[in-house]
Amino acid sequence: AQSAGSAADVEAEAKAIEDSVKADQAALKEVKAKADRAKHALQALRGDRAAAKEAAAVAGEVAALEARAAALAAAAAKEGGEQVDQAELGTVESECAGAHREWKRRRKMCMEMLLTFSERAEVKVDKLVDRYCVDTDESC
């Protein structure tokens, strides 16, 4: 009878220990989850802090550039420099683009002539370039 009682006691104690271990495992799992959430929150805060530092640095650069632009404008005004309006700037850019197109057209025409001469005379283009002192893009 006593061994039956002690076996029941042992089983009850084993059950209590098992329940305690399960509770401790659940508590450990919850602590790990809280630690993970805290880690993620910390990473987010570090990211926000880095972004704030970067924003402050950019703001400093903007202020420095604005000060530099103001200083250049003041120097231009002091020296009596001319201000260029957008229409005038557009005209100059348009004329420059037109000159570039004309240069490309003439270069293409010249290279076609050299290739034609090269084929008819059975001479390499390089020899014609040297003979007629043609400045190529590569030599410039």
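Build a GNM of the chain with springs between Cα atoms under 10 Å: which of Arg101, Arg120, Arg49 gets the top mean-square fluctuation?
With Cα springs under 10 Å in the chain, the top fluctuation among Arg101, Arg120, Arg49 is at Arg120.
Quick one: which of 86-99, 106-119 comes out on top by average Cβ neighbours within 10 Å, and what's the full order, highest first?
By packing density, highest mean first, the sequence is 106-119, 86-99.
What's the center-to-center distance, using Cα atoms, between region 88-120 and region 8-82 in Å?
Using only Cα atoms, the two centres lie 57 Å from each other.
If you place +1 on the Cβ of every Lys and Arg and -1 on the Cβ of every Asp and Glu, how big does the dipole about the Cα centre of region 98-140 come out, in debye to the nearest 20?
Roughly 240 debye for region 98-140.
Can you list the equivalent-ellipsoid semi-axes of the chain, largest first and in whole Å, using the square root of 5 times each Cα gyration tensor eigenvalue?
86, 36, 12
Answer with one residue from Ser6, Ala67, Leu28: the one whose Cα lies farthest towards the positive end of the charge dipole of the chain, charges on Cβ with Lys, Arg +1 and Asp, Glu -1.
The one lying farthest along the dipole's positive direction is Ala67.
How big is region 4-57 along each principal axis, measuring the range of its Cα positions in Å and listing the largest first?
Sorted from largest, the Cα extents of region 4-57 read 79, 7, 5 Å.
Convert each backbone phi in region 123-131 into a coupling constant with the Karplus relation 6.51 cos²θ - 1.76 cosθ + 1.60 (shift: θ = phi - 60°), then list the ³J(HN,Hα) values in order as whole Hz, x for Gly and Pro.
So the J values, rounded to whole Hz, are 10, 5, 4, 4, 5, 5, 4, 5, 5.
Every read-out reported here was derived from the displayed coordinates using simple, explicitly stated rules and does not represent laboratory data. None of these values were measured; they are calculated from a predicted model. Every residue, glycine as well, gets a Cβ built from its backbone with ideal geometry; the counts of neighbours run over all protein chains shown.
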